[in-house]
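Derivation of every value follows stated rules applied to the coordinates shown; laboratory data play no part. In this text, all values refer to a predicted model and were calculated from it rather than measured experimentally. Counting neighbours? That spans all protein chains shown, and the Cβs are built from the backbone with ideal geometry, glycine included.
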Amino acid sequence: MGRLFLFVFIIVVIQRLVELAVANHNEKWIRNQGAIEIGASHYKWMVLMHTAFFVSLLVEVLVFDRPLSPFWGVLLGIFLLMQVLRIWCLSSLGKFWNTKILILPGASVQKKGPYRWIRHPNYVIVTTELIVLPLLFSAYFTAGLFLLLNIWMLSVRIPAEERALRELTNYNEVF
């Protein structure tokens, strides 16, 4: 089981690093267009939370020798579906996708892909991953702790993002 966990863990960490590279590339582009960053004060806490999630998951599974969940097939299926939806979110926003809240004043809000049906699909996906990935490997402490921390983070982040979008873009007209 340790090999399977390490394989999945390494793949997910690589995926997140690739996403950060995409976010950095998109950040340079959108800042050159005149974007304003909102919520910079909480961003460092979000990064710390996600980093701590991976450390907690690694420690809980390897140090406490957690077994693969008896429901691993369903959990893995949900996790893989989230990866497909994650790519759909990123590709739908294109250069506007970022891990930071970067708002281009006067820009037209993107309402395509999963954003046609839900305002913040990426947050739903991340929340699902923060639950499903630890449960896949019976890391119940990590699942519970980071579900609570993520709820707290999103209670700060989503209102800040929505407020900025309402004030600086056509968000009210689109949503």
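What's the FRET efficiency of T128 with R3 using the Cβ-Cβ distance as r and R₀ = 41 Å, to the nearest 0.05?
0.95
Calculate the FRET efficiency for N170 and K44 from the Cβ-Cβ distance with a Förster distance of 35 Å, rounded to the nearest 0.05.
In this case the efficiency is close to 0.70.
Tilt of helix 121-136 relative to the longest C-alpha principal axis of the chain, in degrees (0 to 90, nearest 10)?
The answer is roughly 10 degrees.
Modelled label-to-label distance, A160 and V63, 7 Å Cα→beta-carbon offset: nm?
2.9 nm
Roughly what angle does helix 140-168 make with the longest principal axis of the chain, taking Cα atoms, 0 to 90 degrees, to the nearest 10?
The angle comes out at about 10 degrees.
Between S108 and W29, what is the label-to-label distance in nm when each label sits 7 Å out along the Cα-to-Cβ direction?
Result: 1.7 nm between the two label points.
Check the straight Cα-Cα distances from K111 and name the aspartates and glutamates below 12 Å, setting aside those fewer than 8 residues away within the same chain.
Straight-line reach from K111, under 12 Å: E173.
Expressed as an acute angle from 0 to 90° and rounded to the nearest 10, what is the orientation of the C-alpha long axis of helix 40-63 relative to the principal long axis of the chain?
With rounding to tens, the tilt is 10 degrees.
Determine the principal axes of the Cα atoms in segment 37-152, then give the extent along each, sorted from largest to smallest and rounded to whole angstroms.
Dimensions of segment 37-152 along the principal axes of its Cα atoms: 52, 31, 19 Å.
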